[in-house]
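The structure under discussion appears below in the form of structure tokens.
The values are calculated or read from the model by the stated rules, or taken from the named source; none is laboratory data. Note that the coordinates shown come from a computational prediction; the quantities given were computed from them, not determined experimentally. All Cβ positions, even for glycine, are placed from backbone atoms using ideal geometry, and neighbour counts span all protein chains on display. These area figures cover heavy atoms from the full protein model, side chains too; ligands, DNA and RNA do not enter into them. Shrake-Rupley method; radii C 1.70, N 1.55, O 1.52, S 1.80 Å.
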Amino acid sequence: DADTDLLIVGSGFFGLTIAERAATQLGLKATIIERRGHIGGNAYSEIDPETGIEYHKYGAHLFHTSNERVWEYVNQFTSFTNYQHRVYATHNGEVFPLPINLGTVNQFFRAAYGPDEARALIAEQAQELGGKEPENLEEKAISLIGRPLYEAFIKGYTAKQWQTAPTKLSPEIITRLPVRYTYDNHYFKDTHEGLPVDGYTPWLERMADHPNIEVRLNTDFFDESQPLNKTAMAGKVPIVYTGPIDRYFDHTLGALSWRTLDFEKEVKPTGDFQGCAVMNYSDEDVPFTRIHEFRHFHPERDYQTEKTLIMREYSRFAGGGDEPYYPVNTPEDREKLEGYRKLAEAEPNVLFGGRLGTYKYLDMHMAIGSALSRFDNVVRGWFA
Ligand code: FDA
């Protein structure tokens, strides 16, 4: 059954990029096994049957990159719309633009400050702790943007994201909290940005559309009853593994911790629920962190106007059966990761890649960029 040159575990952007390169650049036969019933990892999207609106099943995905190699690569498989991401926040019954910018500051302080005045005000408010070294996330945030803006836009949101009071969180979680002293609220600063014209799934499927690539869905690498399982494949063919690194080693050094998200979809009987793609809810008394309204990701599409699809997002620590989304990255996690990396180095025929295989949050362009360079640096070497 192992009539393949390369086994790839996981069909997210990392695994698909390696498979596509192996097939087209080296003429290799690549088999991708995927635990889920669909291709694409967390970038997968589908059409909601009731409204006909494309939604991102594992959370909103906005493509953006300044990496020319990645941009050129992805354009082989899809073209992009000119969508530009903008986010708003509801705080105390009022809507503000994000990221915090001159518009946010002036609306919040009911003022008409110019950039210099606003900068001076925030600098003064950030002095509250004197020169004291911040001991927790709250103090760190106050030292960056002052207490009033912190309490309005960061405190409740962060507490909901982490289910932990910001005074109990490590100051390292935030390194910067940029305030923009212009009215520019275009979210990303990258050279290229847009959404795949005909959706994420057609893009992902085109990457796998090659006679040398076989995708087996509903197939778990650790399922001993399926033929391409870990024990059967060990040492037979090189493996690109994009699942959780701790799971590969049977959690021998302990489980790495993750945050997960819960999504609640709802169809609303209106053509437009909130007027924008993403609305954050900054306050702690609202249980969700944000609402996505997917029609706004594709204003160029001819969606029906009787109904709209929204998705509320809730954040919490991941338990055993939950989808791992964001690494928590405590000092204990970092220590375990060091140990797992050593174990991984002792397996020269296995490449650990992608966000789960490296325990790192990666944007899509980073996952693709990393796969392109590790294809050159590792996979080519296996077959040289
Ligand atoms: P990914 O997780 O996509 O794929 C891994 C695959 O391996 C999965 O399909 C999984 O089922 C499979 N697998 C795991 N274990 C297995 C096993 N034992 N056997 C078989 N298969 C197994 N990026 C961005 O650029 N813009 C954005 O707006 C966002 N937004 C965003 C929101 C949320 C909520 C998250 C969690 C992430 C984002 N991202 C993002 C990041 C984006 O999702 C990420 O870059 C890609 O998913 C990374 O692709 P990978 O292939 O590394 O992992």
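Here are the numbers:
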{"read-out": "Subset of the stretch 323-362 [in contact with a Phe, Trp or Tyr (Cβ under 9 Å, 6 or more places away or on another chain), assigned to a loop (DSSP other than H, G, I, E, B), within 13 Å of the ligand (Cβ to nearest atom) and open to solvent by 50 Å² or more (accessible area, probe 1.4 Å)]", "value": "GLU323, TYR361"}
{"read-out": "Pick from the stretch 156-173, criterion touching a residue at least 60 places away in the same chain (Cβ under 8 Å) and not in a loop (DSSP other than H, G, I, E, B), ranking: most open to solvent (accessible area, probe 1.4 Å)", "value": "GLN161"}
{"read-out": "Single residue of the stretch 7-29 satisfying the filter (within 16 Å of the ligand (Cβ to nearest atom) and not in a helix (DSSP H, G or I)) that is farthest from the chain's Cα centre (by Cα)", "value": "LEU7"}
{"read-out": "Evaluation of ARG247 against (1) assigned by TED's automatic domain parsing to the domain that holds ARG36; (2) in a loop (DSSP other than H, G, I, E, B); (3) on the phi < 0 side of the Ramachandran plot (one fails), failing number", "value": "(2)"}
{"read-out": "Considering residues of the stretch 41-90 that are within 14 Å of the ligand (Cβ to nearest atom) and of a type in the set (Gly, Ala, Ser) only, the residue most open to solvent (accessible area, probe 1.4 Å)", "value": "SER66"}
{"read-out": "Members of the stretch 227-252 that are surrounded by fewer than 17 Cβ atoms within 10 Å (Cβ to Cβ) and in contact with an Asp or Glu (Cβ under 7 Å, 6 or more places away or on another chain)", "value": "PRO227, ASN229, THR231"}
{"read-out": "Residue that is surrounded by the fewest Cβ atoms within 10 Å (Cβ to Cβ) [pool: residues in the stretch 30-39 that are of a type outside the set (Lys, Arg) and within 7 Å of the ligand (Cβ to nearest atom)]", "value": "GLU34"}
{"read-out": "GLU50 vs. criteria assigned to a loop (DSSP other than H, G, I, E, B) and of a type in the set (Asp, Glu)", "value": "yes"}
{"read-out": "Set ASP220, ASP262: member being within 29 Å of GLY354 (Cα to Cα), of a type in the set (Asp, Glu), assigned to a loop (DSSP other than H, G, I, E, B) and open to solvent by 40 Å² or more (accessible area, probe 1.4 Å)", "value": "ASP220"}
{"read-out": "Residues satisfying the stated conditions in the stretch 96-116, i.e. assigned to a strand (DSSP E or B) and more than 16 Å from TYR150 (Cα to Cα)", "value": "none"}
{"read-out": "Tally, over the stretch 370-381, of residues that are more than 15 Å from MET207 (Cβ to Cβ) and in contact (Cβ under 8 Å) with a residue 60 or more places away in the chain", "value": "4"}
